[in-house]
Structure formats: C-alpha cells, structure tokens
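The values are calculated or read from the model by the stated rules, or taken from the named source; none is laboratory data. Keep in mind it's a predicted model, so treat the numbers as computed, not measured. With ideal geometry, Cβ positions are generated from the backbone for all residues, glycine too; neighbour counts draw on all protein chains shown.
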Amino acid sequence: MSNAMFEEFVYDGNGQPLTAVFQNYKLATAAAIPNIEVYHDAGEPCPFTPLGTRGLGEGIPAPVPGAMTNAVCDALKPFGIEINELPLRPNKIWRLIQEARQAAS
C-alpha cells in the first residue's frame, strides 16, 4: 500500500536523486494504512510434507499497487479518468477530477 500511495523516486534536472534518504522518501506509517483483517484458512493438509504443513511467510507485494490503481480507476470511470502512474496521491487524484470536470463543462 505504501508503494502505491506514497513511495516515489524524484530526481532533479541533472538526474540527481532528491529522495535518496528516508527523510525525503515518504513511506506509509501505521496511521496512514487502514486496519486489515487477516484470515488464515488451514485448508486441507499438504500431502507432500510429513506433518501436512504448508509454508506461510511474507506475501509478494507486487500485485497491491496494480489492484489499488485499478480500484481507483474504477471509481473514477464516471469522470473518464485513467491513471497509469504511481503514486496515487490525494492531491493528484483531486487535480485529475477537477481537470475532468472543467473539460466536461
């Protein structure tokens, strides 16, 4: 979620990174992320391990930015807005809505 909403590499006109340290590189904090309910389904025992156990670890974060962007695009479909660039910052989305409203009038 942090990658989709906050994280962004920014460079100056000479190609020098402006977000090289965490002081300038925004990451989501616990206050910025909604509560998430985690549910584990034991399912069927694994037939390939002696105890029937399955691996459980950190999930792959790659699908989250795409899923979040698709959800935002679906919500903005009435405005004809298509987002193809991250992060999904509120001010950016607000600007896109305002531009779409002006174009429609």
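Numbers below:
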| read-out | value |
| --- | --- |
| Only one of Phe9, Phe22 that is touching a strand residue (DSSP E or B) at 6+ places or on another chain (Cβ under 7 Å) and either part of a loop (DSSP other than H, G, I, E, B) or not β-branched (Val, Ile, Thr) (or both) | Phe9 |
| Flag if Ala4 is assigned to a loop (DSSP other than H, G, I, E, B) and surrounded by 10 or more Cβ atoms within 10 Å (Cβ to Cβ) | no |
| Tabulated pairs, region 58-76, first over 15 Å from Trp94 (Cα atoms) and at pLDDT below 95, second not hydrophobic (A, V, I, L, M, F, W, C) and not in a helix (DSSP H, G or I), C-beta under 6 angstrom, 6+ apart or interchain | none |
| Flag if Glu44 is over 15 Å from the mean Cα position of the chain (by Cα), under 30 Å from Trp94 (Cβ atoms) and in a loop (DSSP other than H, G, I, E, B) | no |
| Matching residues, region 30-47, being over 30 Å from Ser2 (Cβ atoms) and touching a Lys or Arg at 6+ places or on another chain (Cβ under 9 Å) | Pro45, Cys46 |
| Subset of region 12-29 that is surrounded by fewer than 10 Cβ atoms within 10 Å (Cβ to Cβ) and farther than 19 Å from Arg89 by Cβ - its residue that is farthest from the chain's Cα centre (by Cα) | Asn14 |
| Region 2-27, residues that are modelled with pLDDT of 85 or more and of a type in the set (A, V, I, L, M) | Ala4, Met5, Val10, Leu18, Ala20, Val21 |
| Test: Gly52 is in contact with a Cys (Cβ under 8 Å, 6 or more places away or on another chain) and either at pLDDT 90 or above or surrounded by 11 or more Cβ atoms within 10 Å (Cβ to Cβ) (or both) | yes |
| Qualifying residue in region 32-40 (condition: surrounded by 10 or more Cβ atoms within 10 Å (Cβ to Cβ), farther than 21 Å from Leu96 by Cβ and without any contact (Cβ under 8 Å) to a residue 40 or more places away in the chain) | yes |
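Yes/no per residue for (1) in contact with an Asp or Glu (Cβ under 9 Å, 6 or more places away or on another chain); (2) of a type in the set (S, T, N, Q):
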{"site": "Tyr11", "(1), (2)": "no, no"}
{"site": "Thr19", "(1), (2)": "yes, yes"}
{"site": "Leu27", "(1), (2)": "yes, no"}
{"site": "Leu51", "(1), (2)": "no, no"}
{"site": "Leu56", "(1), (2)": "no, no"}
{"site": "Met68", "(1), (2)": "no, no"}
{"site": "Ile81", "(1), (2)": "yes, no"}
{"site": "Glu85", "(1), (2)": "no, no"}
{"site": "Asn91", "(1), (2)": "no, yes"}
